[in-house]
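Visitor: My questions will all concern the structure given below.
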Amino acid sequence: MTTEVKVEAQKVDLFEKFKILKWLAKLRSFQFLAILPNLVLFYIFILAGIFGSPIGNANIIIVFVWILWWFLLISVMVPFVGRLWCLMCPLPAFGDWLQRLALIGVRPGKTVGLNNKLFGLNKRWPKALSNIWLQNIGFLTLATVSILLVTRPIVSSIVLGLMFLLATVMALIWRGRAFCLYLCPVSGFLGLYSMTSMMELRSKDKEICRKVCKTKSCRAGSERGWACPWLVYMGNLDRNNFCGLCMECVKSCPHDNITLYWRPFCSDKVIKGYDEAWKAFIMLVLAMAYSVILLGPWGFLKDWANISEKGDFVGFIIYAATLWFSCLLGFPAIYYIAVKLGHWWAKMKKQNGAVSLKDMFIRYSYTLVPLGLLAWVAFSLPLIMVNGSYILSVLSDPLGRGWNLFGTAHIPWTPVYPEYATYIQVALLLVGLYYGIQKGLEIARELWADEEAAFRSMVPLTVLLVAVTIAFMKLFAG
């Protein structure tokens, strides 16, 4: 039995098992009701960043966005429910509503090949930019100045406000969620790490999509649902990367052929291009870099990164250049050497019909996805364990103005079992390493017909994965 057949056998149809989920997905107001409270919170956060306390741990935008939201996103939502955040994200909300000229209802009609009436220019995004390279650069740029972003409320307000404005303007020019697909820095890593998620939205029978369905309403829309804002055709959807779980296809499908599945961890394992491979490099290196700067014993590195307080421009330039080099060239070069060695050793066993080095380079980069995700979870865990008490205090005093709305403003800083953090971090890294190696071997067997050649191809990369894991452990455990 192949790996794919095993995965299919282990899937659970959530719409069938829990009827209320299907009812919610078909409810026309479902996404609006999911977005609305987040939009209200977003407005409060922006105001808090502008008018509230300039001290980070006394301002709700810093505590709720960069401690609570980030922890829940990377540690809970991504591994369990994938891109569900995209369903409720407030950033593209106004753009969606302007594009549709509706908050909830559907407007049937014709717009550039779609079955909905849409407002705006509805241009196609340039083909040359139809990848995640811009997201990679955007995320790396924000990561470079992240200490400024997570300590200065006004900076967070400006950045989030600009992203909101950009998403809205782009919706009036390009069709669908062009901002989410091609520019949003958060969307890039959500797409990559959602491949590990234990939830997926898929067609129940792809043959119905391809041979029976004539309208392709999931992509083109209908009188019951909007055209997919992510430009997805469910008959071809086989990865979580570019499905924002908006559930419009569930409403518009005339054959009731779309459902939500619960599946094994790391079921998607096909990286399709260099842009996605480099996202895996960037995310893993950034997790390591943050661990070095914030957890390592080298205080001067934190000073270099903290340009806003220290003002060491030379140090910051050295830090930024090293970070960009490591993400874009340094680590990819080390990875390439490992893959090249594996390719050479595997070819010694199987001279004919050898897999191309390019295919190995791209496909094997998936091994960094589970390891990278669990490294980020391990890094984020102490943030919530050590700083979680700030959530309760800032809830009562969101602007840092001396309020006590819910009687929790004066709760003292109280770390929660910080002595256990290291043990959990090490366990998480070992889980990431296990899945990285396991999925790497599965990919190797898909590429190499010969079992021994497949094993040989993974040996150097396995050494690299183990070395990276040990480096993380050293940083976390000391």
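The values are calculated or read from the model by the stated rules, or taken from the named source; none is laboratory data. From a predicted model like this one, the values you see are computed outputs, not experimental measurements. Glycine also receives a Cβ, built like all others from the backbone with ideal geometry; neighbour counts cover every protein chain displayed.
Visitor: Quick check: anything in the range 399-417 in contact with a helix residue (DSSP H, G or I) (Cβ under 6 Å, 6 or more places away or on another chain) and in a helix (DSSP H, G or I)?
Guide: Checking the range 399-417: not a single residue is in contact with a helix residue (DSSP H, G or I) (Cβ under 6 Å, 6 or more places away or on another chain) and in a helix (DSSP H, G or I).
Visitor: Hey, another quick one. Being polar (S, T, N, Q) and within 19 Å of residue 221 (Cβ to Cβ) is the filter here, so list the residues in the range 22-39 that pass it.
Guide: 29, 31
Visitor: Among all residue pairs at least 6 apart or on different chains, which show Cβ distances below 9 Å where the first residue, located in the range 310-334, is within 19 Å of residue 275 (Cβ to Cβ) and the second is surrounded by fewer than 17 Cβ atoms within 10 Å (Cβ to Cβ)?
Guide: Listed pairs, sorted by first residue: 330/322.
Visitor: Restricting to the range 12-27, name every residue that is surrounded by 13 or more Cβ atoms within 10 Å (Cβ to Cβ) and charged (D, E, K, R).
Guide: 13, 16, 22, 26
Visitor: Checking residue 268 against (1) outside any helix (DSSP H, G or I); (2) of a type outside the set (A, V, I, L, M); (3) in the same structural domain as residue 113 (by TED's automatic domain parsing), which test does it fail?
Guide: The number of the failed condition is (3).
Visitor: If you don't mind, there's one more thing I want to ask. Looking only at residues that are polar (S, T, N, Q) and modelled with pLDDT of 95 or more in the range 255-312, which one is farthest from residue 181 (Cα to Cα)?
Guide: Of everything passing the filter in the range 255-312, 257 is farthest from residue 181 (Cα to Cα).
Visitor: Please go through (1) touching a residue at least 12 places away in the same chain (Cβ under 8 Å); (2) of a type outside the set (Val, Ile, Thr); (3) more than 30 Å from residue 224 (Cβ to Cβ) for residue 28 and return the number of the only condition it doesn't satisfy.
Guide: In the conditions (1) touching a residue at least 12 places away in the same chain (Cβ under 8 Å); (2) of a type outside the set (Val, Ile, Thr); (3) more than 30 Å from residue 224 (Cβ to Cβ), residue 28 misses (3) alone.
Visitor: Next up: Given the criterion within 28 Å of the chain's Cα centre (by Cα) and surrounded by 19 or more Cβ atoms within 10 Å (Cβ to Cβ), identify the matching residue among 59, 122, 116.
Guide: Of 59, 122, 116, the one residue that is within 28 Å of the chain's Cα centre (by Cα) and surrounded by 19 or more Cβ atoms within 10 Å (Cβ to Cβ) is 59.
Visitor: A further question on this structure: Quick check: anything in the range 239-253 out of contact with any helix residue (DSSP H, G or I) (no Cβ under 6 Å at 6 or more places or on another chain), of a type outside the set (D, E, K, R), assigned to a loop (DSSP other than H, G, I, E, B) and more than 26 Å from residue 35 (Cα to Cα)?
Guide: No, the conditions are met nowhere in the range 239-253.
Visitor: Still on this model: Residues to consider are 217, 194; find the one that is crowded, with 22+ Cβ neighbours inside 10 Å, in the same structural domain as residue 127 (by TED's automatic domain parsing) and under 17 Å from the mean Cα position of the chain (by Cα).
Guide: Testing whether each residue is crowded, with 22+ Cβ neighbours inside 10 Å, in the same structural domain as residue 127 (by TED's automatic domain parsing) and under 17 Å from the mean Cα position of the chain (by Cα) leaves just 194.
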